[in-house]
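*Asks:* The structure follows.
The values are calculated or read from the model by the stated rules, or taken from the named source; none is laboratory data. Not measured: the values here are computed from a predicted model. Here the Cβ positions follow ideal geometry from the backbone for every residue, glycine too, while neighbour counts run over all protein chains shown.
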Amino acid sequence: MKSKFNFVISVLLLWIAAITTLNAQVTGSGITGKVTGKGEPLFGASVLATHIPSGTQYGTVANTEGRFNLQGLRPGGPYKIEVSFVGFAKSTYTDVTLFLGENFVLNASLKDDVIETGEVTVVGSRPSAFSSEKTGAATNISTGEMTKLPSISRSLNDFTRLSPNAGGNNSFAGRDGRFNNITIDGSNFNNNFGLSSKNMPGGDAEPISLDAIEEVQVNIAPFDVRQANFTGAGINAITRRGYNTFSGSAYTYFRDQSFNGKYVGSDTIKTVPETTTKVYGARLGGPIIKNKLFFFVNGEQEKSTVPGVEWLAAKAGRDATTNPNVTRVNAADLEEFSALLKSKYGYETGPYENYGSFGVEN
């Protein structure tokens with residue numbers, strides 16, 4: 001009986017620890033502020049924030065000092081925020097956009113109910129990725145910026161380097177890239193083995209399609225107790241989700257050896273090895289039940305060909321003294337061995353020279 005009790009307690013502790021860890025991640029935004037009327041704080045004033053694309057609503061009431069705090073809101077927007085209190089006219093704020101991890105400050109001053117007030121519109125635009133204001137310890141990259149900016153590898157690393165503190169190989173503030181902490185929708189997504197130049201799992205593959213990412217945040221020295229586990233940078237990304245309207249895209253991406261350089265100093269490479277990369281993908285999102293339940297799906301496939309072994313078998317017309325890639329292995333011996341494997345075991349070896357290394361990544 002005692003062992004069963006200890007088991008139950010252990011499970012509860014693990015569950016609480018998991019919930020605490022999950023809540024500590026930065027996956028949303030917030031709205032804070034103060035509600036006043038006639039210069040006095042309005043205790044109990046109602047604050048309702050509505051995410052227009054999905055119809056999701058978040059509500060709270062002001063405390064004795066008139067202050068309110070809404071957390072865990074979906075990043076993006078636009079939002080409509082309604083502030084109301086008995087005896088005062090309701091104030092409405094529209095076109096409010098929230099950044100990932102941002103606390104939007106809204107101080108509302110309500111008027112007497114006898115005065116008719118029109119709708120208050122807060123108009124804002126997302127700052128440019130190259131704005132001179134990007135000198136702080138945090139950088140946000142929105143979906144619009146990821147759509148407009150070029151990307152060779154279709155990787156998050158193509159955009160996290162927009163941070164003023166970024167260096168080569170995804171390093172930040174002079175630290176090795178392995179000192180970063182990457183989260184996707186609040187879950188740690190680090191390459192703990194650490195041998196690849198990319199600090200996300202998958203090596204040269206991209207485990208998360210770039211078309212499924214909604215926003216990325218790069219933190220260097222945040223004043224936020226929720227952010228930890230890094231001495232380089234905290235990279236937080238959130239994925240897309242469905243809204244009340246259907247939206248989707250289909251795309252393809254192609255790259256070959258013509259994108260590679262062929263000059264080494266003043267010397268020109270006569271033969272550039274063939275390389276190809278083809279990416280096919282599509283996404284679709286929309287409502288299942290309007291304002292309540294949504295779906296989002298994304299699929300992407302990458303096919304690539306990179307140079308394989310460049311050694312050549314020795315045969316008539318090939319001289320190892322003039323071509324360092326010619327080996328001492330005779331082509332006739334390789335062909336005889338390949339024929340033996342095929343006739344006796346049914347095994348097809350394929351070519352032994354002039355072939356590419358093929359890879360398929362999903």
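*Asks:* Looking for whichever is out of contact with any Pro (no Cβ under 9 Å at 6 or more places or on another chain) and either closer than 15 Å to LEU156 by Cβ or assigned by TED's automatic domain parsing to the domain that holds SER153 (or both) here; the options are GLY186, GLY265. Which one fits?
*Replies:* Result of the check over GLY186, GLY265: GLY186.
*Asks:* Out of segment 268-279, which residues are in a strand (DSSP E or B) and surrounded by fewer than 14 Cβ atoms within 10 Å (Cβ to Cβ)?
*Replies:* THR268
*Asks:* Does any residue in segment 230-254 that is touching a residue at least 40 places away in the same chain (Cβ under 8 Å) come within less than 6 Å, Cβ to Cβ, of a residue that is assigned to a strand (DSSP E or B) and among the basic types (Lys, Arg) six or more places away or on a different chain, and which pairs are these?
*Replies:* THR231/ARG175; GLY232/ARG175
*Asks:* While we're looking at this one, here's another question. Can ASN323 be described as assigned to a loop (DSSP other than H, G, I, E, B) and without any contact (Cβ under 8 Å) to a residue 60 or more places away in the chain?
*Replies:* When the stated conditions are applied, ASN323 passes them.
*Asks:* From the residues in segment 143-179 that are of a type in the set (S, T, N, Q) and under 15 Å from THR231 (Cβ atoms), which one is surrounded by the fewest Cβ atoms within 10 Å (Cβ to Cβ)?
*Replies:* Per the criteria, the residue is SER171.
*Asks:* Within segment 50-71, restricting attention to residues that are touching a residue at least 40 places away in the same chain (Cβ under 8 Å) and assigned to a strand (DSSP E or B), which residue is nearest to the chain's Cα centre (by Cα)?
*Replies:* Top of the filtered list is GLN71.
*Asks:* Quick one: how many residues across segment 156-170 are assigned to a loop (DSSP other than H, G, I, E, B) and in contact with a Lys or Arg (Cβ under 7 Å, 6 or more places away or on another chain)?
*Replies:* The number of residues fulfilling the criteria is 1.
*Asks:* Further question on the same structure: Among the residues of segment 237-262, how many are in contact with an Asp or Glu (Cβ under 8 Å, 6 or more places away or on another chain), modelled with pLDDT of 90 or more and part of a strand (DSSP E or B)?
*Replies:* 5
*Asks:* Follow-up question, since we're still on this one. Return the total of residues in segment 72-95 being closer than 25 Å to LYS38 by Cα, of a type outside the set (Lys, Arg), without any contact (Cβ under 8 Å) to a residue 40 or more places away in the chain and outside any loop (DSSP other than H, G, I, E, B).
*Replies:* 7
*Asks:* Could you list all residues from segment 284-316 that are aromatic (Phe, Trp, Tyr) and assigned to a strand (DSSP E or B)?
*Replies:* PHE294, PHE295, PHE296
*Asks:* Out of the residues in segment 36-81 meeting the condition of being aromatic (Phe, Trp, Tyr) and under 20 Å from GLU215 (Cβ atoms), tell me which one is surrounded by the fewest Cβ atoms within 10 Å (Cβ to Cβ).
*Replies:* Selected residue: TYR58.
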